[in-house]
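Report on one structure; see the data block that follows.
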Amino acid sequence: MYEQQGQPTPIIQQFLGLSGEQLQALVAGIVGNLPQGPATPNPAAPEHRQRLRLRDPDPFAGDRTLYRTWKSQMERYLAVHTQATPNELIAVILSFIRGPNVDEWVNAYTDQHFNSETRLWEKTLKQVWKDLDLAYTDRVGEHSALQRMRDLRQKEGHAAEFFQEYEKLIWLAGMEEDDRMVLEYMKDAICDRFRQAIHNQINMPTTYEGWKKAVNQLDDNYLREQAIIQSRKSRAPQQGPPHRNAHPPRGPPIPTGAPIWNAGNATGSNAARADGTGVTYGGLGQPMEIDRTRTGQCWRCGGRRGQPAPGCQNGWHRPPAQLQRAPAPVPAPAPAPTQRFRGMTSEELAEMMRAWATEEPESFRRAGFGSGPA
């Protein structure tokens with residue numbers, strides 16, 4: 001019986017006749033046609049997740065000024081645990097709230113919203129965050145951030161710095177970018193030229209992101225314009241201050257006192273041209289009347305100002321009125337010497353009158369006593 005059972009079957013006899021290479025090819029074909037089962041977990045995956053683990057957030061001890069920073073850290077920390085249930089995430093959040101100022105709040109919240117029989121929380125994750133916001137949000141800090149948003153102003157060429165500061169204040173104020181107040185404060189904060197340019201657009205943006213994109217584009221254009229202006233200034237040749245007479249006369253300078261050409265001693269292009277007020281240009285190569293005035297020469301005869309010029313009818317030679325000598329004042333008539341006549345006899349008075357008329361006849365006549373000595 002053993003021999004009968006130990007005899008190979010016909011199928012096995014077929015395999016016994018195959019070589020080693022043929023047997024390996026046959027096994028590979030059979031395995032390749034088998035249906036694929038569930039994938040085996042990769043033993044390296046837990047190690048990979050361990051390498052990507054974030055640092056644990058700092059525990060929240062009840063300081064309201066640090067609540068928003070702690071909440072942001074916790075949200076990033078929980079985002080890695082994608083396989084955790086909401087019940088587990090709530091437990092993790094409350095485990096990072098500890099300290100003398102918050103232990104009582106955590107204990108009371110657990111007694112109210114945790115079912116010890118089912119081991120489940122009666123609050124959703126969103127509701128837990130909302131309750132934490134109501135309990136520990138810094139309302140004074142939000143009001144301060146809102147006031148800073150109103151006072152913030154954007155300068156040309158600094159749009160990136162403006163939006164960085166503005167969006168930080170949005171976060172500190174507990175607001176979102178789609179809030180209507182955020183958009184209105186931003187419109188007031190940007191510079192007047194950018195605001196007017198956006199209002200003049202055919203398709204004016206209506207959202208915060210649309211306005212932010214338009215302001216950044218205008219700011220980029222402004223920076224390009226300033227770069228072009230600075231480049232042109234650097235390539236421009238350095239020039240000194242402009243001369244008062246950018247186009248000096250072409251002829252040689254006329255010496256002082258030299259006569260100028262006029263219609264009487266020149267012909268052709270060198271002849272002086274006159275108008276209704278007199279000669280205004282002495283001819284080719286001669287300075288004009290206004291230039292002669294500046295140089296202190298007469299435009300008629302070439303003489304100097306204030307010097308006598310016989311035959312020249314230009315009143316320019318007369319000295320200014322303040323330099324002319326005033327006429328000598330006319331002496332006032334001398335009063336009659338009546339004081340000398342007091343206490344004199346008639347003979348003495350007659351002798352005095354004769355002497356006065358003889359010695360000072362002009363004074364005697366001005367006093368009204370006749371035409372001279374009798």
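Here is how the numbers come out for the structure above:
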item	result
Relative contact order (%) - the stretch 151-191, alpha-carbon pairs under 8 angstrom, separation at least six	57
Charge dipole (the stretch 61-208, unit charges on Cβ, about Cα centre) - positive-most of Trp70, Leu125, Val182	Val182
Protection-proxy order for peptides 183-196, 353-366, 220-233, each taking the mean of Cβ atoms within 10 Å per residue, highest first	183-196, 353-366, 220-233
Of Thr82, Asn101, Pro59, farthest towards positive along the dipole that unit charges on Lys, Arg, Asp, Glu beta carbons give the stretch 39-189	Thr82
Cα point-scatterer Debye curve for the stretch 192-236, base-10 log of I(q)/I(0) at q = 0.14, 0.19, 0.23, 0.34 Å⁻¹	-0.43, -0.63, -0.77, -1.17
Net charge of Cβ neighbours under 15 Å - reference Asp111; Lys, Arg +1; Asp, Glu -1	-3
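Bear in mind these aren't lab numbers, they're just calculated from the coordinates by the rules spelled out. Bear in mind the structure is a predicted one, so any value in this text is a computation, not a measurement. So basically every Cβ, Gly included, is an ideal-geometry build from the backbone, and we count neighbours across all protein chains shown.
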